[in-house]
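Worksheet: the structure to be examined is printed underneath.
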Number of protein chains: 2
Amino acid sequence: MALIVQKYGGTSIGTVERIQNVAHKIKKWREQGNELVIVVSAMSGETNRLIGLAQQITNHPNPRELDMILTTGEQVTIGLLAIALESIGVPAISFTGQQVGILTDQSFNKARIQSIDNKKIRAELDAGKVVVIAGFQGVDEQGNLTTLGRGGSDTTGVALAAALKADECQIYTDVDGVYTTDPRVVPKARRLDRISFDEMLEMASLGSKVLQIRSVEFASKYKVRLRVLSTFEENPQGTLICSEEELMENPVISGIAFSRDEAKLTVLGVPDRPGIAYAILKPISDANIEVDMIIQNQSVAGTTDFTFTVSRNDCDKALAILKTHATEMGAKEVLSDKGIVKVSLVGIGMRSHAGVAARMFEVLFNEGVNIEMISTTEIKISVVIREGELERAVQSLHAAFDLE
Amino acid sequence: MALIVQKYGGTSIGTVERIQNVAHKIKKWREQGNELVIVVSAMSGETNRLIGLAQQITNHPNPRELDMILTTGEQVTIGLLAIALESIGVPAISFTGQQVGILTDQSFNKARIQSIDNKKIRAELDAGKVVVIAGFQGVDEQGNLTTLGRGGSDTTGVALAAALKADECQIYTDVDGVYTTDPRVVPKARRLDRISFDEMLEMASLGSKVLQIRSVEFASKYKVRLRVLSTFEENPQGTLICSEEELMENPVISGIAFSRDEAKLTVLGVPDRPGIAYAILKPISDANIEVDMIIQNQSVAGTTDFTFTVSRNDCDKALAILKTHATEMGAKEVLSDKGIVKVSLVGIGMRSHAGVAARMFEVLFNEGVNIEMISTTEIKISVVIREGELERAVQSLHAAFDLE
């Protein structure tokens, strides 16, 4: 008998009929002798509808009151799912985040889980019930309702799995797992059976939006075996995200991630003196703009060029900031470029295999793809290239690293 | 400075725009120096929408889970109203029934309030805030969410007014008060400035559906001054429902109530022996059918006729029950009649004025209206007449008792 936490997202329970389908799936798992804790999101579209109501009043609704409204979305689905389960003979009981003591900090709209009291859930499981819990929400120490922010239901699922020491946390969604790369770019991309937490974090942060990063971090920290799988398939296998020790064999490369949401800013001819990087990046960070890759070229005649990337939305704002500071920095010119993308090889096998970077550069050279920036970590090599060369680069790398 | 509890029903807050209008009304009351606790229902139609979702799954949803779903209706409106208040500069905070400790029994879908913890509300009022509270809902001792049943928001308002010792509980609705009778039947009907709890209870139980009976009982028990008034008027006066002591002068008759939802059943020629009333009514009551008026005629030759009224919906069921028991009761015949209505004069002045009944019968006799049954209480005289004579009867009585 295993204890399994299953999380169903908005599209999986987008209609009453789909909720009934999910109930039948749960019934099967239960008949196989498992204990089940189910976490659900709001029905798809519901959270946006509720935000829309609040925004009819003001564009900046009071965050506490917005959470009061938003938490109702999941509260409706837990009730409906429990009713659907009971109606097919599965004893079930639903709880809000507050009712099972999902304690968070007081950051309304983006709260973080601090602790979960598993006693109530454990008691209902012992009584033979399927326990249905509202994702995305909790309660702070003063008893105010809070939400965890977009995608927070994944985090609820993982946090519950950790608190209950569950055997597995299954995240049901509309894709059937994590792929070696985006199948829309490489039709031969294939589903991974397993991937390590670290690799998944790199893939997720690079735009493979299967799982919320926070939930993967949480799973990694508490060693929760996490499985992504499709709600709309019979007996899906999905992809297991687990500790490295659980991976039988580490392929050199697990996947290729890429991101189109990139822009590059270059400050030309600044004096090469201590503190110049700080002088350039301080006003950017003060404006809450996140900087990704940073390159500072070799100094030539006492001046240097400084380049960094930001997400494309922030490009114009960053450029304006740099221009107002250009004189005091002593810069010759400030340039921006929205025509770039980032492509990354991800794989824990990289650690023990030298020459991955060289092989990557060779493949791209053979394809005539020019590399504009490079950055590396232990398990990832990222390059910035022109947007028009994205497909060619990803396809050739996917073939060259035996991912098909 | 007065402490006022205001309750706004579903049509008063049926759209975001109406919620904003209500916020402006509240702001005015606050600027006059009042402390305000606001109770709101779900937006009109929302409770039915939620019940509809559950009934897509089953016609008999688990009552606990149904309450889990239904309580979200009010939770959305309290958040929206608090946002609307804040957006026009009125400090506000919203609470669910659970958050302010509205403790109920465990009768899901029709729970009764057992106690309210006023500390949290009092603290927020002291902090200068308008406190917005979800009506219709509470929490049982085990922490399960409960609802009070249809119209329960009125009860929440009155219960809060009692717990906070408020100066007045104002029920805002789409009518501007309690009328001497239904203006659709008597165009000259007029709004009453004041009416006693007892009179209001008689009016309400007879189909003047301005207030829920339970909320009037509650107000009467805890001596909460209750005012019914219109959301859609500027500076409405409404009708004050209060203790008799507060009424300066008691008119003989306050109003004329009537009900079309009536049917009559007659058991002819039963033996006139002890226990016959019990024998007839026991199976009716076992079937959960409520009996209103009861008449047993003078015995003739050892047998008697027994007549009683039920609501029209229950008539066929009651008839079938009587027929199956007719032989064992020794009854000659059982008849039913759905063509009747009940008309009642209500007034606490009746107690000190003899001859009200005689005058009523005289007026109806002059109009040629035949009286089929009569029942009286200290402050009410009810007669059963043919349905076709309802308008004529009510109009003539309204004129004769100086109600115009």
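The values are calculated or read from the model by the stated rules, or taken from the named source; none is laboratory data. This one's a predicted model, so the numbers in the text were calculated from it and none came from an experiment. Every residue, glycine as well, gets a Cβ built from its backbone with ideal geometry; the counts of neighbours run over all protein chains shown.
One table, with the values for the structure above:
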| read-out | value |
| --- | --- |
| Selection from region B:224-235 of residues that are surrounded by fewer than 16 Cβ atoms within 10 Å (Cβ to Cβ) and in contact (Cβ under 8 Å) with a residue 24 or more places away in the chain | B:Phe232, B:Glu233 |
| Of the criteria (1) hydroxyl-bearing (Ser, Thr, Tyr); (2) crowded, with 19+ Cβ neighbours inside 10 Å; (3) within 30 Å of A:Ala400 (Cα to Cα), which one A:Thr304 fails | (3) |
| Evaluation of A:Asp126 against (1) within 20 Å of A:Tyr8 (Cα to Cα); (2) more than 14 Å from chain B (Cβ to nearest Cβ); (3) modelled with pLDDT of 95 or more (one fails), failing number | (1) |
| Cβ-Cβ under 7 Å pairs, at least 6 apart or on other chains, region B:295-321 side modelled with pLDDT under 85, far side charged (D, E, K, R) | B:Asn297/B:Asp305; B:Ser299/B:Asp272; B:Gly302/B:Asp272 |
| Single residue of A:Arg64, A:Arg30 found to be charged (D, E, K, R) and farther than 21 Å from A:Ile133 by Cβ | A:Arg64 |
| Boolean, A:Phe197 is surrounded by 24 or more Cβ atoms within 10 Å (Cβ to Cβ) and either within 14 Å of chain B (Cβ to nearest Cβ) or closer than 29 Å to A:Gly101 by Cβ (or both) | no |
| Residue satisfying all of: in region A:83-108; touching a Lys or Arg at 6+ places or on another chain (Cβ under 9 Å) and more than 24 Å from B:Asn59 (Cα to Cα); nearest to the other protein chains (Cβ to nearest Cβ) among these | A:Gln99 |
| Residue in region A:59-77 that is β-branched (Val, Ile, Thr) and surrounded by fewer than 22 Cβ atoms within 10 Å (Cβ to Cβ) present | no |
| Meets criteria (in contact (Cβ under 8 Å) with a residue 40 or more places away in the chain and on the phi > 0 side of the Ramachandran plot) for B:Phe108 | no |
| Criterion violated by A:Ser344 - all others in (1) surrounded by fewer than 19 Cβ atoms within 10 Å (Cβ to Cβ); (2) over 20 Å from A:Ile284 (Cβ atoms); (3) among the hydroxyl-bearing types (Ser, Thr, Tyr) satisfied | (1) |
| Matching strands (runs of 3 or more DSSP E) fully within region A:145-230 where at least 3 residues are modelled with pLDDT under 90, in contact with a helix residue (DSSP H, G or I) (Cβ under 8 Å, 6 or more places away or on another chain) and not β-branched (Val, Ile, Thr) | none |
| Residue within region B:129-145 that is within 21 Å of the chain's Cα centre (by Cα) and surrounded by fewer than 24 Cβ atoms within 10 Å (Cβ to Cβ) present | no |
| Options A:Ala2, A:Ala42; residue that is crowded, with 24+ Cβ neighbours inside 10 Å and more than 10 Å from every other protein chain (Cβ to nearest Cβ) | A:Ala42 |
| Residues satisfying the stated conditions in region B:260-291, i.e. touching a Ser or Thr at 6+ places or on another chain (Cβ under 7 Å) and touching a residue at least 60 places away in the same chain (Cβ under 8 Å) | B:Glu262, B:Ala263, B:Lys264, B:Leu265, B:Thr266, B:Gly269, B:Val270 |
| Candidate set: region B:231-243, residues that are hydroxyl-bearing (Ser, Thr, Tyr) and in a loop (DSSP other than H, G, I, E, B); chosen: the one farthest from B:Asp402 (Cα to Cα) | B:Thr231 |
| A:Val210 vs. criteria farther than 21 Å from A:Leu390 by Cα and either in contact (Cβ under 8 Å) with a residue 12 or more places away in the chain or surrounded by fewer than 20 Cβ atoms within 10 Å (Cβ to Cβ) (or both) | no |
| Members of region B:15-35 found to be in contact with a helix residue (DSSP H, G or I) (Cβ under 6 Å, 6 or more places away or on another chain) and more than 10 Å from chain A (Cβ to nearest Cβ), listed by number | B:Glu35 |
| Single residue of region B:53-82 satisfying the filter (without any contact (Cβ under 8 Å) to a residue 12 or more places away in the chain and more than 9 Å from chain A (Cβ to nearest Cβ)) that is farthest from A:Leu145 (Cα to Cα) | B:Asn59 |
| Subset of region B:168-194 (residues that are touching a residue at least 60 places away in the same chain (Cβ under 8 Å), of a type in the set (A, V, I, L, M, F, W, C) and surrounded by fewer than 20 Cβ atoms within 10 Å (Cβ to Cβ)) | B:Val185 |
